[in-house]
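Worksheet: one structure, shown below.
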Amino acid sequence: MDFKRSDFPKEFIFGAATSSYQIEGHKFGGAGKTHWDSFAATPGNVVRSETGDLACDHFHHYANDYILMKEAGFDAYRFSTSWARVLPEGRGAPNQEGLDFYDRLVDSMLENDLKPCATLYHWELPQPLADLGGWRNRDIAKWFADFAEVIMGRIGDRMYSVAPINEPWCVAWLSHFLGHHAPGMRDIRATARAMHHVLLAHGSAIQAMRGLGMSNLGGVFNLEWATPVDGSNVARAAAELYDGYYNRFFLGGVFKKAYPENVLIGLGPHMPENFEDDFDVIGTPLDWCGLNYYTRKIIAPNDGAWPSHEEVPGPLPKTQMDWEIYPEGLYKFLKRTQAEYTGDLPLLVTENGMANPDVLTDGRVNDESRIEYLNQHVAAAKQAMTEGVPLQGYMFWSLLDNYEWALGYEKRFGLVHVDFETLERTPKLSYEALKIALTS
Ligand code: FCB
């Protein structure tokens, strides 16, 4: 790598991230059905109709996975807890096996000197709650706060940090407006409600965890830079609207207690009644703010229904996801988030990485392009730090190749290669390079 640990402040945290449904093996340990199982059961929603049933079988391999992390010199591990594993019905009686599992997981992290950084929800909503309207139902804020109490009542004493919800935009817009993720809806009213309720649930869970006496609580937002297709006013307005509902809606709700006007032009008529009354809960103070960053989009206006724009292909080199490689976006977001939303609050990069068509040959995976991608992005973050952004950590997505949602097992994001037949783990060249950077 072009960087090494000693280039960063002593207390700076390097970590790797995963999420429960993407790696655990959902069929083990008495977990309940999730809306991802239902979504994947409809042919055409997920590549080859794949599910998280087995995934990386982290359920049985976690101890070995944490040894790999320790050996690479990571300080922290960002993982998530499956709501349906802990509460198979979403509410009511907990699954003891599920609670015991997270208990073992956390102890094993600590044995390997990894700071446990939990996310309570990384997208696997229990199906019984989806049947009640899921994120469209205001009651989800209460259900979620109750889940927060149950799981943190068991492992909260050993957490380094906790964030309630991974990537509110994906939970709301991607899943209810674009229909690309579970529950696969395409409905503006459902979207408006999900956009608001996901933040109400976030704030309610923060309050519940404060009630348990917990600290170092934050939020994790995915940000995507929007570049107008040309210099026209309509193109600029289109990109600003994309920026509005993708980025500013969620940061605005949490850090300014307000939603962007340009987004409310479309969503306003569908928002829950008196939604403004919820901003005090939504804006419950946080201890840090996490940014997940991968790419930018080029936005062009069109004549379609609101939001009347589309993504067009850009000129930059792309990853296996077809995402342009644009490290400046990370620099710009770190600067902008500090300047406009978070001020002195610590920031973390909670996800960054790339998918690559990695091939295992003679026991090796030479993922030089991933090393290059990470170098460029870490350098962009370092530049922002040099200019005063209080960045305190950087987590790579992902430790392991895993279930990449609607794209199944095809897109490999791991620092460690996983053979999905044998479940064998093979550290890639990027892992070895990071190990040298972090341990020497
Ligand atoms: C993020 C998700 C993560 C993974 C990466 C590629 O949006 O948090 O689960 O899908 O993208």
Q. Is segment 69-89 home to any residue that is over 30 Å from Phe14 (Cα atoms) and free of Cβ contacts under 8 Å to residues at least 40 places away in the same chain?
A. no
Q. Which residues, taken from segment 23-54, are within 27 Å of Tyr66 (Cβ to Cβ) and aromatic (Phe, Trp, Tyr)?
A. Phe28, Trp36
Q.
Return the residues of segment 394-413 that are within 16 Å of Thr18 (Cα to Cα) and either away from the ligand (no atom under 11 Å from the Cβ) or assigned to a strand (DSSP E or B) (or both); say none if nothing qualifies.
A. Tyr394, Met395, Phe396, Trp397, Leu399, Leu400, Asp401, Gly408, Tyr409
Q: Please find, within segment 195-228, the residue that is farthest from Arg158 (Cα to Cα) out of those that are within 16 Å of the ligand (Cβ to nearest atom) and hydrophobic (A, V, I, L, M, F, W, C).
A: Trp225
Q.
Being surrounded by 17 or more Cβ atoms within 10 Å (Cβ to Cβ), among the β-branched types (Val, Ile, Thr) and farther than 19 Å from Asn356 by Cβ is the filter here; which residues of segment 291-336 pass it?
A. Ile298, Ile299
Q.
Just to be sure before I move on: is Trp135 of a type outside the set (Val, Ile, Thr), surrounded by 24 or more Cβ atoms within 10 Å (Cβ to Cβ) and within 23 Å of Tyr77 (Cβ to Cβ) in the structure I sent?
A. no
Q.
What pairs come out if I take residues in segment 5-17 that are among the hydrophobic types (A, V, I, L, M, F, W, C) and pair them with residues that are part of a strand (DSSP E or B) and crowded, with 20+ Cβ neighbours inside 10 Å whose C-beta lies under 6 Å away, six or more apart or interchain?
A. Ile13/Ala76; Ile13/Gly393; Phe14/Tyr394; Ala16/Phe396; Ala17/Arg78; Ala17/Glu351; Ala17/Met395; Ala17/Trp397
Q) Within segment 4-23, is there a residue that is within 16 Å of the ligand (Cβ to nearest atom) and among the acidic types (Asp, Glu)? A) no
Q: Tell me, please, whether a residue that is more than 16 Å from the ligand (Cβ to nearest atom), touching a residue at least 40 places away in the same chain (Cβ under 8 Å), among the aliphatic types (A, V, I, L, M) and out of contact with any Asp or Glu (no Cβ under 6 Å at 6 or more places or on another chain) can be found in segment 314-326.
A: no
Q.
When you check Ser215 against the structure, is it modelled with pLDDT of 95 or more, of a type in the set (Ser, Thr, Tyr), over 23 Å from Val312 (Cα atoms) and more than 19 Å from the chain's Cα centre (by Cα), yes or no?
A. yes
(Q) List the residue pairs whose Cβ atoms are under 7 Å apart, where the first residue sits in segment 174-198 and is part of a loop (DSSP other than H, G, I, E, B), the second is β-branched (Val, Ile, Thr), and the two are 6 or more positions apart or on different chains. (A) Phe177/Ile188; Phe177/Thr191
**Q.** Given (1) closer than 30 Å to Arg210 by Cβ; (2) in a strand (DSSP E or B), index of the condition Phe249 fails
**A.** (2)
Q: State yes or no: is Ile188 more than 14 Å from the ligand (Cβ to nearest atom) and either of a type in the set (Asp, Glu) or under 21 Å from Ile13 (Cβ atoms) (or both)?
A: no
Q.
Among the numbered criteria (1) out of contact with any strand residue (DSSP E or B) (no Cβ under 8 Å at 6 or more places or on another chain); (2) away from the ligand (no atom under 14 Å from the Cβ), which one does Arg425 miss?
A. (1)
Q: Kindly indicate which of Trp123, Trp135 is in a loop (DSSP other than H, G, I, E, B), within 26 Å of Pro183 (Cβ to Cβ) and of a type in the set (A, V, I, L, M, F, W, C).
A: Trp123
Q: Any residue in segment 123-148 that's of a type in the set (Val, Ile, Thr): show its pairings with residues that are surrounded by 24 or more Cβ atoms within 10 Å (Cβ to Cβ) at Cβ separation under 7 Å, as long as the two are six or more apart or on different chains.
A: Ile140/Leu129; Ile140/Gly134; Ile140/His197; Ile140/Ala201
**Q.** Filter result (of a type in the set (A, V, I, L, M), crowded, with 19+ Cβ neighbours inside 10 Å and assigned to a helix (DSSP H, G or I)) within segment 40-72
**A.** Ala40, Leu68, Met69, Ala72
(Q) Looking at Tyr341, Tyr331 in this structure, which one is within 15 Å of Phe221 (Cα to Cα), touching a residue at least 24 places away in the same chain (Cβ under 8 Å) and within 22 Å of the chain's Cα centre (by Cα)? (A) Tyr341
(Q) So, in segment 73-107, how many residues would count as being part of a helix (DSSP H, G or I), aliphatic (A, V, I, L, M) and in contact with a strand residue (DSSP E or B) (Cβ under 8 Å, 6 or more places away or on another chain)? (A) 3
Q.
Looking at (1) within 16 Å of the ligand (Cβ to nearest atom); (2) crowded, with 16+ Cβ neighbours inside 10 Å; (3) without any contact (Cβ under 8 Å) to a residue 60 or more places away in the chain; (4) of a type outside the set (Val, Ile, Thr), which one does Pro357 not meet, given that it meets all the others?
A. (2)
Q) Is it the case that Asp367 is within 13 Å of the ligand (Cβ to nearest atom) and either farther than 13 Å from Leu434 by Cβ or more than 21 Å from the chain's Cα centre (by Cα) (or both)? A) no
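The values are calculated or read from the model by the stated rules, or taken from the named source; none is laboratory data. On a predicted model such as this, the values are computed, not experimentally measured, just so you know. All Cβ positions, even for glycine, are placed from backbone atoms using ideal geometry, and neighbour counts span all protein chains on display.
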